[in-house]
Amino acid sequence: MRLEIRDLHVHYGKIEAIKGVSVVVNEGEIVTLIGANGAGKTTTLKTISGLRKVSSGAIIFDGQDISKVPAHERVDLGISQAPEGRGIFPGMTVLENLEMGKFHRKNRRQEMAEDLDKIYELFPRLKERTSQAGGTLSGGEQQMLAIGRALMARPKVLLLDEPSMGLAPQMIANIFRIITEINKQGVTILLVEQNAQQALQRAHRAYILETGNVVKEAKASDLLNDPAVREAYLGTGAHQ
Amino acid sequence: MKIRNYWNLRDLGASVWEKANRPKRVVIATSSIFLVGLLPFAGASFLATPIAAYDAVLVYPVGVFILMALGLNIVVGKSGMLDLGYVAFFAIGAYTMALMGTHTGLNTWEIMPFGIGFAMLAGVLLGLPTLRLRGDYLAIVTLGFGEIVRLVVLNSTWSKGPNGIANIPMPPDIGPFKFKLEDQKVFFWVVVIMILLVIWMIRRLSIRRPGRAWEAIRQDEDAAELMGVATLKYKIWSFTLGAAVGGAAGVLYASKNLFIAPEMFTLNVSILILSCVVFGGIGNIWGVVVGATILGYLPDRIRFISDARLLVFGAVLVVVMNFRPDGLLPRKKREKAIVKSEVNA
């Protein structure tokens, strides 16, 4: 299992949002895409999950080009995304949301109980809120639900779009701890983040995106100590 | 929250139903269907409509409106797509009945599958290219489609243009039940049966996979797609089922009215049916039934005040929508109490 995007170009109308991005995610890794607003992180992720169309370039997953496969079929292949802004179903209960995560699975009846237990183990807060409507959860709980729902699909690769967005520092630390935990259970993770500090601490490798281009690719720990990166993305100058 | 607690017929009804065991439910269901079936005999009571014949009013507008509102509700209420051209499917059903009824020897029941089929076909043909659109864009395209269908029949020779088609045959008698213009009880019972069939179909679909998919699409289409829901397929299904119900209503309407003309299929009908859905409670079957009943019945009940009746009709709409913006019997809205975000967690 390996996810690779090759020379990806994506347009919104006439505007080119992604101008030739290439990213490799190897099995078992946590890879993070960091960058400022408008750098193209979310667009890259949406293109991998199929919500955006590829203008040119390839998305190779498990050795085959999936760039023409519709989004709902990519879930079957093992790509699952927790959307940005915690795109959960606000009017469904926590349980119904999680059940939706299994919508496409053929033997979902048998898997359901087993996987629910796993999710509740990862996120005990969700278990307390099983019959509560998704829209009434707190921001952090909604994020947990979005991740849990994506895991219900038994993904090989989990795509996470800004899981720290709008959360309190304590909750952010909690979410990132769980992300590492999920990775240790064997799920490969591609993580898009603005919170570079947390993302680089958790990831194995990282790509820095600027206005639709990859400007840097390195081991996450190296970037964490790179003065230029610290200056631009970690808010601490090299002189400190 | 406050309003819901003291005037909540929906939860009252639901709790009675849920507490009842199976035999009790059968009794409730059959007795209410029986009571509804007796409605045409209540013509001498306060329900009577001045000027228009009471039993005819029960068939059209009331019965046909309920049928169409239920069909539109699959599209607008269940899967959240705004369709402003629903009248097109009604017109296709009606013209199928009119043309086949006058040109072939087939009777209403034999033509019914054709009317439903053509309406569904139109639904698929319109849906395939347009259901990729969302919200306002879809509304505009469907509005255009409704007008196109009306303009085509208005300007074609096979449809006899603005003159319309007359001498459409009535349905053949079913045993002792005879269809008559001056006594439309049998028509009413047929409409009730069709309404029950549609309600049964919607309820079955709602608790199964399509219902889940529609609900997910309505709440967040992108998220639904990410969960593996083939959103376009389910949207087309919803659109086509809605079209089928509209087509069925059209066939029945033409066969009851014996005459149809393009002026009966204007944008007004689409808007009125949408009003029935919104007025009664978008997404809730019983709300839609109540809404369509009131909006279909009221204008004829108050016909004695002649021109002022439209004023009263409008006033009722405005007042009700102000006090109950979610409709008379709204669907459960669990997302209402949204906690914004966890800023201080």
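The values are calculated or read from the model by the stated rules, or taken from the named source; none is laboratory data. In this text the structure is predicted, and so the values were computed from the model without any measurement. All Cβ positions, even for glycine, are placed from backbone atoms using ideal geometry, and neighbour counts span all protein chains on display.
The table that follows gives values for the structure above.
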item: Index of the failed condition, A:Asn107 passing every other in (1) within 12 Å of another protein chain (Cβ to nearest Cβ); (2) modelled with pLDDT under 95; result: (1)
item: All positions within segment A:75-95 that are among the charged types (D, E, K, R) and buried (at least 20 other Cβ atoms within 10 Å of the Cβ); result: A:Arg86
item: Residues (part of a helix (DSSP H, G or I) and either touching a residue at least 40 places away in the same chain (Cβ under 8 Å) or closer than 20 Å to B:Tyr253 by Cβ (or both)) located in segment B:152-175; result: B:Val152, B:Val153, B:Leu154, B:Gly161, B:Pro162, B:Asn163
item: Residue satisfying condition, being assigned to a strand (DSSP E or B), on the phi < 0 side of the Ramachandran plot and free of Cβ contacts under 8 Å to residues at least 24 places away in the same chain, within set A:Val31, A:Val24, A:Val69, A:Val10; result: A:Val24
item: Selection status of B:Ile193, away from chain A (no Cβ under 14 Å) and crowded, with 20+ Cβ neighbours inside 10 Å; result: no
item: The one condition in (1) more than 9 Å from chain B (Cβ to nearest Cβ); (2) under 19 Å from A:Gln198 (Cβ atoms); (3) buried (at least 20 other Cβ atoms within 10 Å of the Cβ) that A:Gly140 fails to fulfil; result: (1)
item: Failed item in (1) free of Cβ contacts under 8 Å to residues at least 60 places away in the same chain; (2) surrounded by 22 or more Cβ atoms within 10 Å (Cβ to Cβ), with A:Arg109 passing the rest; result: (2)
item: Check on A:Leu51, more than 30 Å from A:Arg6 (Cβ to Cβ) and either out of contact with any strand residue (DSSP E or B) (no Cβ under 7 Å at 6 or more places or on another chain) or of a type in the set (Val, Ile, Thr) (or both); result: no
item: Within segment A:20-45, tally of residues that are surrounded by fewer than 16 Cβ atoms within 10 Å (Cβ to Cβ) and of a type outside the set (A, V, I, L, M); result: 7
item: Lone qualifier among A:Leu200, A:Leu224 - being in a helix (DSSP H, G or I) and either of a type in the set (Ser, Thr, Tyr) or more than 19 Å from the chain's Cα centre (by Cα) (or both); result: A:Leu224
item: Counted residues, segment A:125-137 - those being more than 13 Å from chain B (Cβ to nearest Cβ) and over 17 Å from A:Gly101 (Cβ atoms); result: 1
item: Of all residues making up segment B:206-231, the number that are in contact (Cβ under 8 Å) with a residue 60 or more places away in the chain and more than 8 Å from every other protein chain (Cβ to nearest Cβ); result: 6
item: Positions within segment B:57-110 being farther than 18 Å from B:Cys276 by Cβ, hydrophobic (A, V, I, L, M, F, W, C) and surrounded by fewer than 24 Cβ atoms within 10 Å (Cβ to Cβ), in sequence order; result: B:Leu99, B:Met100, B:Leu106, B:Trp109
item: Selection from segment B:300-318 of residues that are surrounded by 13 or more Cβ atoms within 10 Å (Cβ to Cβ) and modelled with pLDDT of 80 or more; result: B:Asp300, B:Arg301, B:Ile302, B:Val312, B:Phe313, B:Val316, B:Leu317
item: Test: residue in segment A:117-124 that is at the interface with chain B (Cβ under 9 Å from one of its Cβ atoms), within 21 Å of A:Gln185 (Cβ to Cβ), in contact (Cβ under 8 Å) with a residue 40 or more places away in the chain and crowded, with 16+ Cβ neighbours inside 10 Å; result: no
item: Residue in segment A:195-216 that is charged (D, E, K, R), without any contact (Cβ under 8 Å) to a residue 24 or more places away in the chain and loosely packed, with under 13 Cβ neighbours inside 10 Å present; result: no
item: Qualifying residue in segment A:165-176 (condition: over 20 Å from B:Leu226 (Cα atoms), away from chain B (no Cβ under 12 Å), in contact with a helix residue (DSSP H, G or I) (Cβ under 6 Å, 6 or more places away or on another chain) and surrounded by 16 or more Cβ atoms within 10 Å (Cβ to Cβ)); result: yes
item: Enumeration of residues in segment A:55-104 that are at the interface with another protein chain (Cβ under 10 Å from one of its Cβ atoms) and of a type in the set (Ser, Thr, Tyr); result: A:Ser80, A:Thr93
